[in-house]
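Novice: Have a look at the structure that comes next, please.
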Amino acid sequence: MKQEIDKKHRILILGASGFIGEAIYKELCSYFRTYGTYRTDNYGFDKNQHYFQYNVEEDDIFEILDIVKPTIIVSALRGNFSAQVIAHAHISEYIIAYNAKLIYLSSANVFDAYSKFPSYELDKTLSHSMYGHFKIKIENLLLRMPKKQIVIIRLPMVFGAQSPRIKEIKAFLKEGLPIEVFPNLVMNVTTDTKVTQQIHYIINRNKYGVFHLGSNDLVHHDDFIKEIIETISTIKPLFKNVYTTNEERYLAVLPKNNKLPKHLQLDSSEIFKELAV
């Protein structure tokens, strides 16, 4: 028996044609009235009444908000940074006006200037990269909003059978191209499957605040990528070691304040299990 769709939420996923956005849409659409945006012409999405074409650089987000009237917006947008900042400012106005909620997918890169330790939810953000700067800008905009209406999710590297990273590794192996690894980088990781379950839980339990959704354990980038290749392929890989510093550099987001229940936590080894299927 198909379960009843929960009428209490109308969910709009911005960037629902991307790898993570689409995974979130698939996780939520059987449970809530779920809508998504996609950027480039795609016959599959064009036919789907629940998908709206939206180009962050050219279109006004208000038009889609007006049609969908979401109670929860999940932002997995990609694209021009300044256009995204403007879009999120508009989303913030909508959220306050309609007492809605925003779940914003941020990144471990908001801490990429702190390389000596892993980062926790309440640590101060500081970045040396363009991408990290931009994510911090939007986080800061959201942190000024009413607390209960905002969820900031900081993600480490996300892997999954259909993830761009895995597809790229497979393509490089096939073409005999060297795969870049960062031997001094200590990080944590996650899968699209786990992230979507975690977001579902956050919606169901009406959680708010900052969440660090990475694996409980830390891994070295080079070891991790080598193990992935052993899991998915028999081809002998070529590696290109990239050293950005002489010391170990951390880019890991660990939870301290907002821990999710045990069944929603993961260890990096789960990723190999998922890829081996």
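Novice: Scan (1) loosely packed, with under 14 Cβ neighbours inside 10 Å; (2) out of contact with any helix residue (DSSP H, G or I) (no Cβ under 7 Å at 6 or more places or on another chain); (3) at pLDDT 95 or above for the single condition residue 188 breaks and write down its number.
Specialist: All conditions pass for residue 188, except number (1).
Novice: Sticking with this structure for a sec: Exactly one condition in (1) open to solvent by 40 Å² or more (accessible area, probe 1.4 Å); (2) at pLDDT below 95 is not met by residue 38; state its number.
Specialist: Unmet for residue 38, out of (1) open to solvent by 40 Å² or more (accessible area, probe 1.4 Å); (2) at pLDDT below 95: (1).
Per-residue answers, yes or no, for (1) open to solvent by 40 Å² or more (accessible area, probe 1.4 Å); (2) over 18 Å from residue 177 (Cα atoms); (3) within 22 Å of the chain's Cα centre (by Cα):
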site	(1), (2), (3)
224	no, yes, yes
228	no, no, yes
243	yes, yes, no
247	yes, yes, no
256	yes, yes, yes
259	yes, yes, yes
264	no, yes, yes
271	no, yes, yes
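Novice: Same structure, new question: Which one of the conditions (1) closer than 24 Å to residue 75 by Cβ; (2) open to solvent by 30 Å² or more (accessible area, probe 1.4 Å); (3) touching a Pro at 6+ places or on another chain (Cβ under 8 Å) does residue 205 fail to meet, given that it meets all the rest?
Specialist: Only one criterion in (1) closer than 24 Å to residue 75 by Cβ; (2) open to solvent by 30 Å² or more (accessible area, probe 1.4 Å); (3) touching a Pro at 6+ places or on another chain (Cβ under 8 Å) is unmet by residue 205, namely (3).
Novice: State the number of residues belonging to region 155-183 that are of a type outside the set (A, V, I, L, M) and open to solvent by less than 10 Å² (accessible area, probe 1.4 Å).
Specialist: 3
Novice: Moving on to the next point. Which pairs do you get when a residue that is on the phi < 0 side of the Ramachandran plot and among the small types (Gly, Ala, Ser), found in region 1-16, comes within reach of a residue that is at pLDDT below 70 and open to solvent by less than 40 Å² (accessible area, probe 1.4 Å), reach meaning Cβ atoms under 9 angstrom, with the pair 6+ apart or on two chains?
Specialist: 16/45
Novice: Residues in region 194-214 that are hydrophobic (A, V, I, L, M, F, W, C) and in a loop (DSSP other than H, G, I, E, B): how many?
Specialist: Of the residues in that region, 1 qualify.
Novice: Take the residues in region 41-76 that are of a type in the set (Ser, Thr, Tyr) and in a loop (DSSP other than H, G, I, E, B); name whichever of them is modelled with the lowest pLDDT.
Specialist: Out of the qualifying residues, it is 54.
Novice: Could you list, ordered by first residue, the pairs with Cβ atoms under 6 Å in which the first is in region 249-265 and in a strand (DSSP E or B) and the second is open to solvent by 20 Å² or more (accessible area, probe 1.4 Å) and not charged (D, E, K, R), at least 6 apart or interchain?
Specialist: Close Cβ pairs satisfying both conditions: 249/115; 249/184; 250/115; 250/117; 250/118.
Novice: Might you let me know whether region 94-101 holds any residue that is in contact (Cβ under 8 Å) with a residue 60 or more places away in the chain and surrounded by 15 or more Cβ atoms within 10 Å (Cβ to Cβ)?
Specialist: yes
Novice: Looking at the structure I just gave you, is residue 238 under 19 Å from the mean Cα position of the chain (by Cα) and in contact (Cβ under 8 Å) with a residue 24 or more places away in the chain?
Specialist: No.
Novice: Considering every residue within region 64-79, establish whether at least one is open to solvent by 20 Å² or more (accessible area, probe 1.4 Å), touching a residue at least 12 places away in the same chain (Cβ under 8 Å), over 24 Å from residue 189 (Cβ atoms) and within 17 Å of the chain's Cα centre (by Cα).
Specialist: Within region 64-79, one or more residues are open to solvent by 20 Å² or more (accessible area, probe 1.4 Å), touching a residue at least 12 places away in the same chain (Cβ under 8 Å), over 24 Å from residue 189 (Cβ atoms) and within 17 Å of the chain's Cα centre (by Cα).
Novice: Please determine, by comparing only the residues of region 114-135 that are among the charged types (D, E, K, R) and open to solvent by less than 100 Å² (accessible area, probe 1.4 Å), which one is nearest to residue 83 (Cα to Cα).
Specialist: 135
Novice: While we're here: In region 214-256, what residues are among the hydroxyl-bearing types (Ser, Thr, Tyr) and under 28 Å from residue 126 (Cα atoms)?
Specialist: Hits for region 214-256 are 215, 243, 244, 245, 250.
Novice: Of these, 127, 106, which one is in a strand (DSSP E or B) and of a type in the set (Ser, Thr, Tyr)?
Specialist: 106
The values are calculated or read from the model by the stated rules, or taken from the named source; none is laboratory data. All values reported here derive from a predicted model rather than from experimental measurement. For neighbour counting, all protein chains shown are included, and Cβ atoms are generated from backbone atoms with ideal geometry for every residue, glycine included. For accessibility, only protein heavy atoms count, side chains too; no ligands or nucleic acids. Shrake-Rupley method; radii C 1.70, N 1.55, O 1.52, S 1.80 Å.
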